[in-house]
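Peer 1: Structure below; questions to follow.
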Amino acid sequence: MYAGQAPAIAGSTAEERRAWVEERYPCIADCDACGICAMFHGKDASIALADYIKGHKEYLEVMRQYRRY
């Protein structure tokens, strides 16, 4: 779909952004082996990235909240 890069809000629909998030962060139902939920502090990716999906904030802006040091 978008070759790995998150679609910009200005050039995409909420449905396209949701599809990208679901494709990029699929739940494999094995939290110990995956780590996506841990990255999002126990949240599903679609919940953690809701502001991006809704078009309120760009992807990188939302991801800064979950960045670990």
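Peer 1: List the residue pairs whose Cβ atoms are under 7 Å apart, where the first residue sits in the range 28-45 and is farther than 20 Å from L60 by Cβ, the second is in a helix (DSSP H, G or I) and open to solvent by 70 Å² or more (accessible area, probe 1.4 Å), and the two are 6 or more positions apart or on different chains.
Peer 2: Pairs that qualify, where the first residue is farther than 20 Å from L60 by Cβ and the partner is in a helix (DSSP H, G or I) and open to solvent by 70 Å² or more (accessible area, probe 1.4 Å), are C37/C31.
Peer 1: State whether one or more residues within the range 45-53 are within 13 Å of the chain's Cα centre (by Cα) and among the charged types (D, E, K, R).
Peer 2: So far as the range 45-53 goes, yes, one or more of its residues are within 13 Å of the chain's Cα centre (by Cα) and among the charged types (D, E, K, R).
Peer 1: Still on this structure, please answer the following. Can you list residue pairs whose Cβ atoms sit under 7 Å apart, with the first residue in the range 47-61 being farther than 13 Å from A10 by Cβ and without any contact (Cβ under 8 Å) to a residue 40 or more places away in the chain and the second being open to solvent by 10 Å² or more (accessible area, probe 1.4 Å) and of a type outside the set (D, E, K, R)? Count only pairs 6 or more apart in sequence or on different chains.
Peer 2: Close Cβ pairs satisfying both conditions: A48/Y66; I53/A14; I53/S46.
The values are calculated or read from the model by the stated rules, or taken from the named source; none is laboratory data. Predicted, not measured: the structure shown is a model, and the values here were computed from it. As a convention, Cβ positions derive from the backbone with ideal geometry for all residues, glycine included, and neighbour counts pool all protein chains shown. SASA here: full protein model, heavy atoms, side chains in, ligands and nucleic acids out. Shrake-Rupley method; radii C 1.70, N 1.55, O 1.52, S 1.80 Å.
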